[in-house]
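One structure below.
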Amino acid sequence: MASSTLICDTQPWKELEAHAEDVKKTHLRDLLSDDERSRSMVVEFDGILLDYSRQLATLETKEKLFKLAEVASVKEKINQMYNGEHINSTENRSVLHVALRAPRDAVIQSDGKNVVPDVWNVLDKIKDFTEQIRSGSWVGATGKELKDVIAVGIGGSFLGPLFVHTALQTDPEAIESARGRQLRFLANVDPIDVARNITGLNPETTLVVIVSKTFTTAETMLNARTLREWISSALGPSAVAKHMVAVSTNLKLVEKFGIDPNNAFAFWDWVGGRYSVCSAVGVLPLSLQYGFSVIEKFLKGASSIDQHMYSEQFERNLPVLLGLLSVWNVSFLGYPARAILPYSQALEKFAPHIQQVSMESNGKGVSIDGVPLPFEAGEIDFGEPGTNGQHSFYQLIHQGRVIPCDFIGVVKSQQPVYLSGEVVSNHDELMSNFFAQPDALAYGKTSEQLQKENVPPHLVPHKIFSGNRPSLSLLLPSLNAYNIGQLLAIYEHRIAVEGFIWGINSFDQWGVELGKSLATQVRKQLNVSRTQGEPVQGFNFSTTSMLTRYLQASADVPADLPTRLPQI
Ligand SMILES: O=P(O)(O)OC[C@H]1O[C@H](O)[C@H](O)[C@@H](O)[C@@H]1O
């Protein structure tokens, strides 16, 4: 496909549009009665099972989607990504998060250089440093062991590590290796988040890890300065060297901040922020908490999916299939949202992480060549663990709008519980819902069924479930570090595949800039108003009124800002 051709102008796209009209006339009840079809919509790789038989799709849909992938050059784009080509063209960068989890002997080139040795130099440094901290050979300024870690970072420097930390927290092996240690995350510039993070912690036993790709993000830098103050006001300025380390691509700014460059852990501009959890961004704080050997398993799980994505034919390729189905739902069936529904409390931070990976990657309005898109790209991702979500927003999913759902289940619980006298184990109880919900969505309930149940006629319309609501199910064998790595990589690659089809740049994020620069203007205004009593000017009526009101009502904030840390 010529690079300036939009995907929506190609024949396979047009055929899919016409085909979607036919498929909309069928019902999942009928599609699911064809066992042959269902059988062909189950794929397994490395213990992970994907069943997409409850997608509103036929065998013909699949074939047509493969043709779309062909005309969109998906295979070529995957190869370009793995070969380190500058596919992030607006930032002129390679996109090589796969190199972060590649085996030591792999060769992955960026700009003519094999980056794998650099990756492993940093991993070795992390291993060494975290062993020093965990063994107590590195101590704080007063000679005490550093048992607690606060990771300061936001966006991609926060959400992925938080997801993995939350997922590992109840894994038996991880629990064992984290005994006596705490890992916290400070992301929001809201001072309440500082207060919550330092509550109950002693600076003497705390290590602060500043995580920022650019080392310029306003929120992270203010939080970093705040925690530097917390440490130095308690232990003296020289304590910072023992209590603060950094992860960044910008080692000059790390040094300027006052962190010893020896205690800085590098990564590279070919790692996108939201794809950085497998770099020092995630590996350092997570190894401090769980030990490097646990986190190495997480990297191996992600690497297994990387190889699969690269070499498996599309019919059996989990991320490619998932990506194609997402495009089908969004662009042809017209369902703009997706619910991510893990039936595991350990995955409670998975949807928030994927929200960033997906919405920041694919929420674009122009093609990679800058041509405005005549169709919507991206999807609205949200989710909560089951069964909690069932008691919250599932009403809308069952009887309101159609939202394709990803059901994620786990065969073996991290924490099995059985009660004598109960019908099933606690995990079986959870999984009963995992298995039931997709069928409830697909089949629904008809008025005939309701009448047979003697439902009073006036309630029948309220109790009808139209069904025909698509979902897919992913079944993981367990939820250890390896499986968590697999799950992460499946979603990362799925999102890339969607972007490859839509013909957009999934690896830049210009849409976050405008709000940041307007906040700079407001920050300047707040400063001159508080320090010099300047009236608010240069804003529209609404912002001027609100700012004025805010300033008047918070006049107790001292203009000279004497240091004040949370009083909690
Ligand atoms: O890691 P940092 O440079 O501090 O960036 C943190 C975050 O900043 C921005 O908001 C970007 O949109 C995110 O992709 C990034 O992860």
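As a calculated quantity, the FRET efficiency between Glu513 and Arg225 at R0 = 22 Å, using C-beta atoms, amounts to about 0.45. Against the criterion of solvent-accessible heavy-atom surface with a 1.4 angstrom probe, Glu379, Glu21, Glu312 sort, most first, into Glu21, Glu312, Glu379. For the chain, what is the mean residue ellipticity at 222 nm derived from helices alone (per DSSP H run of n ≥ 4: -39500 (n - 2.57); sum divided by total residues; nearest 500 deg cm²/dmol)? That calculation yields -14000 deg cm²/dmol at 222 nm.
Tell me, what is the percent relative contact order of the chain, built from C-alpha pairs under 8 Å that lie six or more residues apart?
On the way: 951 pairs, mean separation 105.1, N = 568.
Once divided by the residue count of the chain, the mean separation gives 18 percent.
What trypsin sites (Lys or Arg not before Pro) does segment 391-450 have in DSSP loop regions with at most 13 other beta carbons within 10 Å? Present the calculation step by step, with values, prior to reporting the outcome.
Values: sites: Arg401, Lys412, Lys445; in loops: Arg401, Lys412.
Within segment 391-450, the qualifying trypsin sites (Lys or Arg not before Pro) (loop, at most 13 other Cβ atoms within 10 Å) are Arg401, Lys412.
Listed by chain and number, the lysines whose alpha-carbon sits under 23 Å from that of Lys349, ignoring those within fewer than 8 places in the same chain, are Lys213, Lys297, Lys300, Lys412. If R0 is taken as 25 Å, the Cβ-Cβ distance between Val423 and Asn388 corresponds to a FRET efficiency of 0.70.
Along the Cα-to-C-beta direction of Glu76, a point sits 7 Å from the Cα; which residues of segment 1-42 have their amide N less than 12 Å from that point? In segment 1-42, the label zone of Glu76 (backbone N under 12 Å from the point 7 Å along Cα→Cβ) covers 1-5. Rounded to the nearest 20 debye, the dipole magnitude of the chain is 1200 debye, with +1 charges on Lys and Arg beta carbons, -1 on Asp and Glu beta carbons, and the Cα centre as origin.
Rounded to the nearest 5, what % of DSSP beta bridges with both residues in the chain are antiparallel? Working shown, then result.
Details: 13 of 43 bridges.
In the chain, approximately 30 percent of DSSP beta bridges are antiparallel ones.
Between the alpha-carbon centres of segment 458-485 and segment 115-153 there is a gap of 41 Å. Applying a DSSP loop filter and a limit of 15 other Cβ atoms within 10 Å to the trypsin sites (Lys or Arg not before Pro) in segment 165-210 leaves Arg179.
Solvent exposure of segment 416-551, expressed per residue, is 53 Å² of accessible area, with all protein chains present and a 1.4 angstrom probe. In the assembled protein chains, Ile380 presents an accessible area of approximately 90 Å² (probe radius 1.4 Å).
With a/c under 1.5 counting as rounded, go ahead and sort segment 184-246 into rounded, prolate or oblate using the C-alpha gyration tensor (a ≥ b ≥ c being the square roots of the eigenvalues; past the cut-off, prolate if a/b is larger than b/c, else oblate). Because a/c hits 1.5 or more and a/b fails to exceed b/c, segment 184-246 counts as oblate. For the chain, the residue among Ile403, Tyr310, Gly365 whose Cα projects farthest onto the positive side of the dipole built from Cβ charges is Gly365.
The values are calculated or read from the model by the stated rules, or taken from the named source; none is laboratory data. All figures in this text were calculated on a predicted structure; none of them were measured in a lab. Here Cβ is always computed from backbone atoms with ideal geometry, including for glycine, and neighbour counts include all displayed protein chains. Accessible surface is based on the protein model in full, side chains and every heavy atom, while ligands, DNA and RNA are left aside. Shrake-Rupley method; radii C 1.70, N 1.55, O 1.52, S 1.80 Å.
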